[in-house]
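The values are calculated or read from the model by the stated rules, or taken from the named source; none is laboratory data. Because the structure is a prediction, the values reported are computed rather than measured. All Cβ positions, glycine included, derive from the backbone under ideal geometry; neighbour counts span all protein chains shown.
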Amino acid sequence: MAEHIGVEGANAKRSDSPECRFDEGLAKMGRNWNRVGFDFVPLITSKIALRCSLDILLLRPEENKYILRQGDIDGQLKTLFDALRMPKEQEDTGGDVPQAGETPFFCLLEDDRLISEVHVTTDQLLVLPTEREVKANDAFVVIHVRVNHTSGSPFDRWFDT
């Protein structure tokens, strides 16, 4: 098969190269999961019968003066879960469109119903890594995702981290 080198010259990928086939495969996967103008590639999907558990460390300011502005933990977790899933409606994107390098757009969840277990630890946020001052709406979140196959199959060990 002849090499297909475009205008980029020697740095271009061959159309039959593994890298090119990989990129084409990702693009096709993204088109299969197209929602609200984005081509998504979710890791956790119902089609391959995956679920996940989340272990969340949520650090947030806890001074009395912030209590009314910060919101409660269930609202904060709902916002976090929404951020991990594909949007269902255009309003979920805030009117954003895909930017350069966001096609396909990788996300954790097809739907937040695929979260099977959640452990949350909260504590006081003292300082952010790149900021000197902590504001009322600041938070620092560390999420450990554990992928679980729902059937007891030999593939369990591949998804266990």
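Things worth noting here:
- Region 13-57, subset in contact with an Asp or Glu (Cβ under 6 Å, 6 or more places away or on another chain) and part of a helix (DSSP H, G or I), residue surrounded by the most Cβ atoms within 10 Å (Cβ to Cβ): 30
- Any chance residue 88 is at pLDDT below 85, outside any helix (DSSP H, G or I) and surrounded by 14 or more Cβ atoms within 10 Å (Cβ to Cβ): no
- Enumeration of residues in region 84-98 that are out of contact with any Lys or Arg (no Cβ under 7 Å at 6 or more places or on another chain) and closer than 14 Å to residue 36 by Cα: 85, 88, 89, 90, 91, 92, 93, 94, 95, 96, 97, 98
- Every pair of residues 6+ apart whose Cβ atoms lie under 7 Å, when the first sits in region 118-131 and is modelled with pLDDT under 90 while the second is aromatic (Phe, Trp, Tyr): 125/140; 128/140
- Candidates are the residues of region 120-134 that are surrounded by 11 or more Cβ atoms within 10 Å (Cβ to Cβ) and out of contact with any Lys or Arg (no Cβ under 6 Å at 6 or more places or on another chain); the one that is farthest from residue 61 (Cα to Cα) is 120.
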